[in-house]
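Chemist: What follows is a single structure, and I will ask about it in a moment.
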Amino acid sequence: MAKADPQRLYADPDPAAGPAAGQDDPLGPAFGQLEAALSRLEQAATLRPPIDNEMLKLKVQNAALRDTVGDALGQIDALLADMNGHD
């Protein structure tokens with residue numbers, strides 16, 4: 001897969017690449033700019049690194065930790081409710 005040039009992703013579109021000013025179609029330059037922007041977005045999307053096994057493992061551990069903390073908070077809430085009910 002070809003690598004995109006990060007410096008070009010945010011560069012202004014090349015005016016020579018689009019239709020010249022003064023052509024019959026007044027929307028031509030706007031469509032040219034949209035196409036150039038879409039091309040830069042597609043290139044940027046290919047720059048994202050794939051998720052490797054380490055990242056996947058961390059995501060699974062994070063989800064398990066969130067569940068554990070959520071359960072502990074639920075138990076604390078139940079204890080506090082029980083204590084407040086007996087006062």
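The values are calculated or read from the model by the stated rules, or taken from the named source; none is laboratory data. The structure displayed is predicted, hence computed values, not measured ones. Note that each Cβ is placed from the backbone with ideal geometry, even for glycine, and that neighbours are counted across all protein chains shown.
Chemist: Scan the stretch 11-55 residue by residue and report those that are at pLDDT 70 or above and polar (S, T, N, Q).
Modeler: Q33, S39, Q43, T46, N53 - these are the residues of the stretch 11-55 that are at pLDDT 70 or above and polar (S, T, N, Q).
Chemist: Please work out if T46 is part of a helix (DSSP H, G or I) and touching a residue at least 40 places away in the same chain (Cβ under 8 Å).
Modeler: On the way: part of a helix (DSSP H, G or I): yes; touching a residue at least 40 places away in the same chain (Cβ under 8 Å): yes.
Answer is yes for this residue.
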